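Enquirer: Can you keep this structure in mind? I'll have questions shortly.
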Amino acid sequence: MNKTLAFVLIAALAVVGLAGVVVLLILRPEAVDTLTNLLLQLLIMLGGFGGLAAIQSRQGEEIKTIKHNTNGTLSAKDAEIANLRAALAEHAPQALVTVDTASTPTVTRAQLREDGKPGY
């Protein structure tokens, strides 16, 4: 929601409420407290809503900025990672060797407890 629209709605409600309180003060002064409390509660809730709407629109703008700056992808990061991997392959090719861990058995804590290993 637009911040200006939220502000205009809250201001219009405040003006109408204030006019209602003045009219009620003239016609039925004993009922002014109830209307005043209702209007205050309504304005507080709408003020919170307006604040949340402003925060949400700011967050949407930040997301648009991030998408615009990254062009929807992370191609620059991918290119940097590829360059670093190429440099690593040139200077330390053993660092890029993958290790097959499928043949290594997995030992659980329960198995270690059954074997009587201390500290588990």
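Enquirer: Quick check on my filter: what residues within the stretch 57-81 are under 21 Å from L5 (Cα atoms) and surrounded by 12 or more Cβ atoms within 10 Å (Cβ to Cβ)?
Expert: Scanning the stretch 57-81 gives a single hit, S57.
Enquirer: When you check V99 against the structure, is it surrounded by 10 or more Cβ atoms within 10 Å (Cβ to Cβ), outside any helix (DSSP H, G or I) and at pLDDT below 80, yes or no?
Expert: When the stated conditions are applied, V99 does not pass them.
Enquirer: Restricting to the stretch 37-56, and then to whatever is exposed (fewer than 12 other Cβ atoms within 10 Å of the Cβ) and among the hydrophobic types (A, V, I, L, M, F, W, C), can you tell me which residue is farthest from A11 (Cα to Cα)?
Expert: Residue satisfying both the conditions and the ranking: I55.
Enquirer: Being within 34 Å of the chain's Cα centre (by Cα) and either of a type outside the set (K, R) or closer than 30 Å to G17 by Cα (or both), is that true of even one residue in the stretch 88-105?
Expert: For the stretch 88-105, residues within 34 Å of the chain's Cα centre (by Cα) and either of a type outside the set (K, R) or closer than 30 Å to G17 by Cα (or both): absent.
Enquirer: Within the stretch 21-33, identify whether any single residue is within 22 Å of L5 (Cα to Cα), part of a helix (DSSP H, G or I) and charged (D, E, K, R), and answer yes or no.
Expert: No, the stretch 21-33 has no match at all.
Enquirer: Say we look at the stretch 1-27 and pick out the residues that are more than 30 Å from the chain's Cα centre (by Cα) and of a type outside the set (A, V, I, L, M, F, W, C); which of these is surrounded by the most Cβ atoms within 10 Å (Cβ to Cβ)?
Expert: So, considering only residues that are more than 30 Å from the chain's Cα centre (by Cα) and of a type outside the set (A, V, I, L, M, F, W, C), the one surrounded by the most Cβ atoms within 10 Å (Cβ to Cβ) is G17.
Enquirer: Assess whether K3 counts as being basic (K, R) and out of contact with any Ser or Thr (no Cβ under 7 Å at 6 or more places or on another chain).
Expert: No, not satisfied.
The values are calculated or read from the model by the stated rules, or taken from the named source; none is laboratory data. All of these numbers come straight from a predicted model, not from anything done at the bench. Ideal geometry is used to build each Cβ from the backbone, glycine not excepted, and the neighbour counts take in all protein chains shown.
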